[in-house]
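Here is the structure we will look at.
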């Protein structure tokens, strides 16, 4: 995506006041365009089929269904559309289930507006984004359930000592995208520094060798 390119966003939440608040926040960004709003799964899928949609901000609680199941449907029917969960739930199990369904981001509803904006920009650039307030201790014990396939690949490369530039060349990515993946891996696994990330990556690689996975 080119910097400044319009991002068409679909808001999916069963509370009109929440959607109004989101619209007000996001419309302050010049290249964000709200392509539609939906309060249920039927309307969300209908809008996606009729309007240009690049990204969905998805609530988990939708009344007649839940956002995780709807995310899975979007991933099957509209794989080109990125999904970011916007939820009040901080539990790691919700994060894990959302990622497994195809979400590439998870942001808390009480997060600052900048957090939501950064999530949209990062995900549209090919990365993933998770609020710093999300507790991912449970996820840390089973990174394969939380990390995307691309992130697991990058984690393995980190374990073997490859630089961001080397990883970017191997995977056909920009160095900036690899850096974004590194940042999001640390967020998902609740890891602070680079040294801790490298240590975790090496331990994960050794564990994989032991188990044969």
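The values are calculated or read from the model by the stated rules, or taken from the named source; none is laboratory data. Nothing here was measured: the structure is a model prediction, and the numbers come from that model. Heads up, the Cβs are rebuilt from the backbone with ideal geometry, glycines too, and the neighbour counts pull from every protein chain shown.
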Original post:
Looking at segment 90-108, which of its residues are surrounded by fewer than 16 Cβ atoms within 10 Å (Cβ to Cβ) and over 13 Å from the mean Cα position of the chain (by Cα)?
Top reply: 90, 91, 93
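Per-residue answers, yes or no, for (1) in the same structural domain as residue 100 (by TED's automatic domain parsing); (2) in a helix (DSSP H, G or I); (3) touching a helix residue (DSSP H, G or I) at 6+ places or on another chain (Cβ under 7 Å); (4) farther than 23 Å from residue 95 by Cβ:
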residue: 151; (1), (2), (3), (4): no, yes, yes, no
residue: 158; (1), (2), (3), (4): no, yes, yes, no
residue: 169; (1), (2), (3), (4): no, yes, no, yes
residue: 181; (1), (2), (3), (4): no, yes, yes, no
residue: 187; (1), (2), (3), (4): no, yes, no, no
residue: 191; (1), (2), (3), (4): no, no, yes, no
Original post:
(1) surrounded by fewer than 16 Cβ atoms within 10 Å (Cβ to Cβ); (2) closer than 18 Å to residue 17 by Cα: which one isn't true of residue 80, the others all being true?
Top reply: (2)
**OP:** Run down 163, 143 and say which single residue is assigned by TED's automatic domain parsing to the domain that holds residue 204 and modelled with pLDDT under 85.
**Re:** 143
